[in-house]
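**Student:** One structure follows; several queries about it will come next.
Just so you know, all these numbers are worked out from the coordinates, no wet-lab data involved. These figures come from a predicted structure and were not determined experimentally. Reconstructed Cβ throughout: ideal geometry from the backbone, glycine too, with neighbour counts over all protein chains shown.
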Amino acid sequence: MKSLKNIFQEKENLLSIFFTAGYPNLNDTTTIISELANNNVDFIEVGLPYSDPLADGPTIQDSSQVALQNGMNLDIVFEQLKAIKETNSKPLVLMGYLNQLLKYGEDKFCQACLESGIETLILPDLPMVEYENHYQQLFKKYGLTNVFLITPHTSEERIRKIDALTEAFIYVVASASITGAKGDISNSQITYFERIKTMNLKSDLIIGFGISNNETFKTACQFANGAIIGSAFIKELSKNGVSEIDNFIQSIR
């Protein structure tokens, strides 16, 4: 499996796809990862289904509920990821919430990530002060990196601090809202992207929230190293299951 760092060094216009583990069916996780890896996706964001996903819109919330009803839990997620570790060539990023880590046990969670081939975490509700005081050292112990999110309302001071702490990439949230496809990228979003780009941050940037098709993907790539597509892919899975993943990815590229 290539490291995320190598992916960013080797290529531009990176495409990442988010999906919820255990959706649409409990055992689809490894099939989806394999299909995405075989269809030119650069890295894959695996969502941990959660009963109260604060950063997610209705589409991803619904996929979480279905996955939980399917019987998905962290033990099963990690078992599935371990099963595909040796054959998967693409970096995996795990997206979840701090309470999931706490309930599972901090060291147990991090060890399971390590054994599953996970090198990067996205925990949207992890406070920066908690990261600095505790989780930075914990993650370093297990070779994990953390991704912080910024929004149009994030102050320059905070962005600079996030940039200094970042070892993976900064997740540039395209709008100050929950996830979900929102149509075209607006002029105000372009202004926001331009502002971030002109800050000349040291970190790589990935844009997400509202990226849903070829047009919005190409626009995002003008201002960042690439983009993450989530809700639009979940809708595709809802409509066609895993059978049309190749056509969906081709429509984005």
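**Student:** Dipole of the chain, Cα-centred, from +1 at each Lys and Arg C-beta and -1 at each Asp and Glu C-beta, to the nearest 20 debye?
**Tutor:** In total the dipole reaches around 380 debye.
**Student:** Classify the chain from the C-alpha gyration tensor, please: rounded if a/c falls under 1.5, else prolate or oblate depending on whether a/b exceeds b/c.
**Tutor:** rounded
**Student:** How many nm is it between the label spots at Met199 and Lys218, if each spot is 7 Å from the Cα in line with the beta carbon?
**Tutor:** Once both label points are built, they end up 2.8 nm from each other.
**Student:** While we're here: Among Phe217, Phe233, Phe109, determine the one that fluctuates most according to a GNM of the chain built with springs between C-alpha atoms less than 10 Å apart.
**Tutor:** Maximum fluctuation in the GNM of the chain, among the listed residues, is at Phe109.
**Student:** Taking the chain as a Gaussian network, where each spring joins two C-alpha atoms under 10 Å apart, which residue of Leu201, Leu26, Leu94 fluctuates the most?
**Tutor:** Ranking Leu201, Leu26, Leu94 by mean-square fluctuation puts Leu201 first.
**Student:** Let me ask something else. My understanding is that a pair violates if its Cα-Cα distance is over 21 Å; which of Lys108/Lys141; Lys2/Lys108; Lys90/Lys239 do that in this structure?
**Tutor:** Exceeds cut-off: Lys2/Lys108; Lys90/Lys239.
**Student:** Can you give the calculated 222 nm mean residue ellipticity of the chain, where each DSSP H run of n ≥ 4 adds -39,500 (n - 2.57) and the sum is split over every residue, rounded to the nearest 500 deg cm²/dmol?
**Tutor:** Counting only the DSSP helices, I get -12500 deg cm²/dmol.
**Student:** What helices in the chain pass both tests, a Cα length along the helix axis of 15 Å or more and a mean Kyte hydropathy of -0.5 or higher, using whole DSSP H runs?
**Tutor:** Membrane-span-like by this rule: 58-69, 74-84.
**Student:** Tell me which aspartates and glutamates have Cα within less than 20 Å of Lys161's Cα, excluding those fewer than 8 residues away on the same chain?
**Tutor:** Leaving aside aspartates and glutamates fewer than 8 places away in the same chain, those within reach of Lys161 are Asp125, Glu130, Glu132, Glu194, Asp204.
**Student:** Mind checking region 27-93 for GluC sites (Glu not before Pro) that DSSP puts in a loop (not H, G, I, E or B) and that have at most 16 other Cβ atoms within 10 Å?
**Tutor:** Answer in residue order: Glu86.
**Student:** While we're here: For region 40-51, just list the computed ³J(HN,Hα) in residue order, Karplus coefficients 6.51, -1.76 and 1.60, θ = phi - 60°, integers in Hz, with x standing in for Gly and Pro.
**Tutor:** With the stated coefficients, region 40-51 comes to 6, 7, 7, 8, 10, 9, 9, x, 8, x, 9, 6 Hz.
**Student:** Cut-off 10 angstrom, C-alpha nodes, Gaussian network model of the chain. Which of Lys141, Lys90, Lys235 fluctuates the most?
**Tutor:** Residue with maximal mean-square fluctuation among Lys141, Lys90, Lys235: Lys141.
**Student:** Tally Lys and Arg at +1 and Asp and Glu at -1 over the other residues with C-beta under 14 Å from the C-beta of Thr120: what net charge comes out?
**Tutor:** Every neighbour counted, the sum reads -1.
**Student:** Length gain on complete extension for the stretch Leu68 to Lys108, per 0.36 nm per residue less the alpha carbon to alpha carbon distance?
**Tutor:** 12.3 nm
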